[in-house]
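Okay, structure first, notes after.
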Amino acid sequence: MEQQSVPSKTGVVGAGHHSVSSRLSKAWVREHMAALLFLGPSLLVLGIFVFYPMLKTLYLSFFLTNDAGEGTVFIGLTNYISLLKNPSYIASLVATLTYVILVSAITVVLGLVLAVAANQHLKGIKIFRTLFSSTMGVSVSVAAIFWLFVFNPSVGILTQLSNALHLPVLNWMTDPKLAMAAIVITTVWMHLGFTFLILFGSLQQVPSSLYEAAEIAGTSKWYQVLHITVPMISPTLFFVMIVTLIDAFKSFGLIDLMTAGGPNNATNLLVYRIYQDAFLNGNYGQASTESIILTVIIAVMTLLQFKLLEKRVNY
Amino acid sequence: MKRSKIFGMLALLLMFSVGLAGCVKTKAASKTKIVFWNEMTGPAEVQLDKFAKQFNASQSKYEVVPEYEGSYNGVVQKIIQTHGSGASPALFQSFDISTTQLGNLKLATPVQKFIDRDNYDMSKIMPVAKKFYSKNGQQLSMPFNTSQPVLYYNASLLKRLGIKNPPKDPSYSDITRVATQIIQKSHGKIKGLSVEEYAWLLEEFMANQKEEFANHDNGRSSTPTAVKIDTPAARTAMQWVRDNIKKGNFMNYGSGSNAAANEMAAFLSGKLGIFLQSSADIGQITAGTKDKLGVTFYPHADGHKANGVAIGGASLWISNDKPKNVQNGAWEFTKFLMKPENQAKWQEQTGYMALNKESQKTDTLKNLYKKVPAAKVPSEQLARTVPNDANSGILLEGLVQERVLTQTAMQQIYGGSNISDSLKTAEDGMNTFIKNNNKANGY
Amino acid sequence: MELMGPIPTKSRLEAYAKVAKYGFLIFLMLIVVSPFILGIWTSFLPTADIAKGALFSSHMTFQNYVDAVTTTPILRYLFNSLVISTITMLAQLLFCSMAAYAFVFLRFKGRKVLFYVFLSTMMLPFEAQVIPNFTTVRQMGLLDHYAVMIVPFLTTAFGTFMLRQAFMQMPNELKEASDIEGLSHLQYYWHVALPYCRISLLTLAAYSFLGSWNQYLWPMLTTFSDKFRPVQDGLKQLQSQETFNNWGMIQASAAIVVIPTLIVLFIGQHYFKAGLNEGSVK
């Protein structure tokens, strides 16, 4: 716009100007057509499957829904208020927070231990590295099936070990705390391979001269880990932690396969609850409200992740 | 990475898929396809598949395709949400407590239409089951798998331990006594009793003590506006469980399908003496153990005469979003399933009661009763029950929600929470749901 | 005493340290792989033995595998997952790279705003949108079909973001040279940009394949027959149908599912790791 107005003001009008501007606008059109071609498909998909449903969910969260799942009675914020007043929903929130914090903390610590252990010059270390990353190939239902067998009250390996050692048999699936422990353990195990790979990759980029200097100063191995490794890779550590955190917030499969939210809602995490309220109970209004609350939480976490990512890039 | 390697990997993937595709058999279907959604597992699923195969071989017009769709709880919304789309089934099985909702939504062609058209003789079908799935004299769906909650005990085990069998119509204290003896005489090696954290079992305790679950005569006079879960009958039953937990008799397997499977596995391997479940387990138990099986009526509270329990199970619905010939096929298969011999086979293999009165005359059932006398108990329990509003089922929408809430209450109670408080929480949650649901649907 | 054993020398100490190091590594390895070993081990045991609680049996058997393959649709489930994941992966590579290209190489109005719009979708979890999405795919007639598990995931903000980073690191000279040569955007995209960023593309491929492979909630809501059901939900299906607790066969099914992924992972690990560092560290 500005470019076009400049020549007309100064009065420098000539044959050249016309052709330049038309070439400009031709390029403009071409560039925009290309943009449409390159971006169009993605925009369409995101519009239909991300933005529209988000708005629709927000809309439904202000309604009571009928048997067919249509919003029929507008109730304003009542769904939100009654949910936040509902002790069982609060319990779900607390359970979810407990779960995600435990999962991400344990995963990162264990992943770091694995990474440090694998970052040695030993014969055959490659085999260990490969095995450490192996849980990356495990999908949610396989993990659930393997671990359900471990935790099985009558034939599980833990029960058998307890029997052999004359320890009290723990009932992993009916005790609220143990059920939570069971899904935390399984989730950590599933995430371990990925976390290990990322942390190991960033460990390898720590200059070895730092360790050599520490070696000369006669510091212990653990001192080196805590005072060189951890600070050097801390951006990656935080990054991995938040990725795991977000992932854990979205956990559904393991819950469905292992505990179905029980016992006593101890493992009724946010996404499972949405599923339960919508697709079992047919209470779509309430489930939409829960979806919006989940979205707010994930959005905050993701913003945090972006901030860290920025730091990481700068670093 | 070299491009050739990428292509190599892709080629490998492709080969793998082609190889797998080769293993997967594809069949050209020239017959009219009747997709049949069901929720049957284990021996019931095997038998249902057999029925479908026999039916498909018996005629050339229709091809019934059974699809297992998961648990009863999950399938109701699947049916409602897929209705009218290409993915919806022609024939579907849905459980007792979804009847009111499915009826209100008018997703199905009432089977009455086909009954009238074919002059199908419904007098052969067991009246209690028939009535459960009809409204204003019109048959909405065909009762199919019908069960009763019963008590199972391992008779061989009791004999080995020298314990007297429980009576046929036991009270809570009768069962506590036997369960205590089991744990004592086996020196703690065998658990006495299990009552799964399953809301249906609690509903049946209440029915057996003649308590109506929902108001307005359990929904029979008009749409219910409230339920009662924190009731004397529910509290007594839960107290009974708690007494057994305290005595160390009790084994809690939790809730859900994993729990039921673990409970069954423990009973079959002789690690559990008594448990309460649907009569539908009889087939599986008799197939899974050589021990002699004992079955009694559902236990009742001390000092209360048993009122009898409501039937459980599910019925078959013919979806109204399919063309006429598909609906006809679904009806033909329904009739096939209700044949006396097939109903007898169904009871023999599963434990669901044969609903066709003529089934009792078949050799299949006569042999079954000779071999496993206990298999008769569920029908005896049903026969002596005088129907009233408390033991004829609950006509209320959204009972899936109630099942979830009550199950949570049971989990709390088994875990040691205050009985009345837990039940009251479930009750309040359900009543809020009913209020909103009635409002949203304009009832 | 000196005769009984030599005085520990420096090399001996080193040897001890080495043993300790290996010991620690093996201990860690056992923590990671024992669930695999246990699962795969029991898949060779007769179910009757497992039910008795025996973890060792005199008759190890392949029967569970034979049963799984012949009596369950496990191979069909695997095939379905392979089809869905492969197509999703290819589609994401195409559409994400196209969008990323637009954000890096095209000058158009609203570029910045649109980029933030893309980025914002990363904050909106799919799990929170399933209710309207179900209605949408139903109206599109996609229910119970491969397409229902592919169409909503044709593109992702994450993939676009990742490839944008990669494109941004391409040297400017490349673009200038191709402009002089008169290459169109499509030509530059296809013949220069994509080959140049193949490592990032490979990483995204691995991500999107695994992401699609691990889908559980969405297929559970939208598939109703074995013909289209992917393997994650298939395993649940097998497990919940099996009321007899046929552990051996269930473990065998799980092993059938996990072993191919493990093999691919072991073979492709080197490249995958390179891609991970390329994609996430920079």
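Suppose the filter is crowded, with 17+ Cβ neighbours inside 10 Å, assigned to a helix (DSSP H, G or I), in the same structural domain as A:D247 (by TED's automatic domain parsing) and of a type outside the set (V, I, T); does A:A115 pass it? In short, yes. For B:L423, the criteria (1) at the interface with chain A (Cβ under 9 Å from one of its Cβ atoms); (2) over 21 Å from A:R273 (Cβ atoms) hold in every case but one, which is (1).
Scanning segment B:156-189 for residues that are assigned to a helix (DSSP H, G or I), among the small types (G, A, S) and surrounded by fewer than 16 Cβ atoms within 10 Å (Cβ to Cβ) yields B:S156, B:S173.
Screening the candidates A:V169, A:V206, A:V188, A:V184 for the property of being more than 7 Å from every other protein chain (Cβ to nearest Cβ), within 17 Å of the chain's Cα centre (by Cα) and surrounded by fewer than 23 Cβ atoms within 10 Å (Cβ to Cβ) yields one hit, A:V184. Please verify whether B:L399 is within 17 Å of the chain's Cα centre (by Cα), touching a residue at least 40 places away in the same chain (Cβ under 8 Å) and surrounded by 24 or more Cβ atoms within 10 Å (Cβ to Cβ), treating the condition exactly as stated. Here the answer is yes, as B:L399 does meet what is asked. One residue stands out in segment B:118-155 among those that are polar (S, T, N, Q) and surrounded by 15 or more Cβ atoms within 10 Å (Cβ to Cβ): the one that is nearest to B:I285 (Cα to Cα), namely B:N154. Take C:R164 and tell me if it is among the basic types (K, R), away from chain B (no Cβ under 14 Å) and not in a helix (DSSP H, G or I). Taking the combined requirement at face value, the residue does not satisfy it.
Restricting attention to segment C:46-63 and to residues that are buried (at least 16 other Cβ atoms within 10 Å of the Cβ) and within 20 Å of B:M264 (Cβ to Cβ), the residue that is farthest from the other protein chains (Cβ to nearest Cβ) turns out to be C:P46. Right, B:R220: among the basic types (K, R), touching a residue at least 24 places away in the same chain (Cβ under 8 Å), touching a Leu at 6+ places or on another chain (Cβ under 7 Å) and assigned by TED's automatic domain parsing to the domain that holds B:V404 or not? Here the answer is yes, as B:R220 does meet what is asked.
Per the conditions (1) at pLDDT below 90; (2) in contact with a helix residue (DSSP H, G or I) (Cβ under 9 Å, 6 or more places away or on another chain); (3) more than 8 Å from chain C (Cβ to nearest Cβ), the sole criterion not satisfied by A:A115 is (1).
Taking only segment C:106-135 into account, find how many residues are farther than 30 Å from A:G71 by Cα, outside any helix (DSSP H, G or I) and facing chain A (nearest Cβ under 8 Å). Qualifying residue count for the region: 4. Any residue that is among the β-branched types (V, I, T), touching a residue at least 24 places away in the same chain (Cβ under 8 Å) and surrounded by fewer than 23 Cβ atoms within 10 Å (Cβ to Cβ) - is there at least one of those in segment C:133-141? Checked segment C:133-141: no residue is among the β-branched types (V, I, T), touching a residue at least 24 places away in the same chain (Cβ under 8 Å) and surrounded by fewer than 23 Cβ atoms within 10 Å (Cβ to Cβ). Scanning segment B:159-177 for residues that are under 13 Å from B:L276 (Cα atoms) and among the aliphatic types (A, V, I, L, M) yields a total of 1. A residue that is of a type in the set (V, I, T), part of a loop (DSSP other than H, G, I, E, B) and under 30 Å from A:G71 (Cβ atoms) occurs nowhere in segment C:136-147. Picking from residues in segment A:123-151 that are assigned to a loop (DSSP other than H, G, I, E, B) and facing another protein chain (nearest Cβ under 7 Å), the one that is surrounded by the fewest Cβ atoms within 10 Å (Cβ to Cβ) is A:S139. The residue that is farthest from the chain's Cα centre (by Cα), counting only those in segment C:170-196 that are crowded, with 16+ Cβ neighbours inside 10 Å and of a type in the set (G, A, S), is C:S178. When the residues of segment A:159-210 are filtered to those that are part of a loop (DSSP other than H, G, I, E, B) and touching a residue at least 60 places away in the same chain (Cβ under 8 Å), the one that is farthest from A:F252 (Cα to Cα) is A:Q204.
Taking A:S8, is it farther than 30 Å from B:I79 by Cβ and at pLDDT below 90? Yes; evaluated as a whole, the condition is true for this residue. Scanning segment A:52-80 for residues that are over 27 Å from the mean Cα position of the chain (by Cα) and in a helix (DSSP H, G or I) gives a single hit, A:T78.
If you go through segment A:267-304 and keep only what is farther than 26 Å from C:F158 by Cβ and either more than 9 Å from chain C (Cβ to nearest Cβ) or surrounded by fewer than 20 Cβ atoms within 10 Å (Cβ to Cβ) (or both), you end up with A:T267, A:N268, A:Q276, A:D277, A:L280, A:N281, A:G282, A:N283, A:G285, A:Q286, A:T289. The residues on offer are B:Q407, B:Q412, and the sole one that is of a type in the set (S, T, N, Q), over 30 Å from B:P167 (Cβ atoms) and either surrounded by fewer than 21 Cβ atoms within 10 Å (Cβ to Cβ) or within 13 Å of another protein chain (Cβ to nearest Cβ) (or both) is B:Q412.
Restricted to segment A:222-246, and to residues there that are of a type in the set (S, T, N, Q) and within 12 Å of A:T195 (Cβ to Cβ), the residue that is nearest to the chain's Cα centre (by Cα) is A:T244.
Restricted to segment B:72-90, and to residues there that are more than 7 Å from every other protein chain (Cβ to nearest Cβ) and of a type in the set (S, T, Y), the residue that is surrounded by the most Cβ atoms within 10 Å (Cβ to Cβ) is B:S88. Taking each residue of segment A:42-64 that is in contact (Cβ under 8 Å) with a residue 40 or more places away in the chain and facing chain C (nearest Cβ under 7 Å) and looking for partners that are among the hydrophobic types (A, V, I, L, M, F, W, C) and crowded, with 18+ Cβ neighbours inside 10 Å with beta-carbon atoms closer than 6 Å, six or more apart or interchain, yields A:M54/C:L124.
Restricted to helices (runs of 4 or more DSSP H) entirely inside segment A:211-315, those with at least 2 residues that are under 25 Å from C:R164 (Cβ atoms) are A:230-249, A:284-314. Is it the case that segment C:87-105 has a residue that's farther than 30 Å from C:L119 by Cβ and assigned to a helix (DSSP H, G or I)? No, the conditions are met nowhere in segment C:87-105. Can you spot a residue in segment A:246-253 that is more than 9 Å from every other protein chain (Cβ to nearest Cβ) and among the β-branched types (V, I, T)? The answer is no, given that none of the residues of segment A:246-253 is more than 9 Å from every other protein chain (Cβ to nearest Cβ) and among the β-branched types (V, I, T).
The values are calculated or read from the model by the stated rules, or taken from the named source; none is laboratory data. Since the structure is predicted, the reported quantities are computational estimates derived from the model, not experimental observations. FYI the Cβ positions are ideal-geometry reconstructions off the backbone, even for glycines, and counts take in every protein chain you see.
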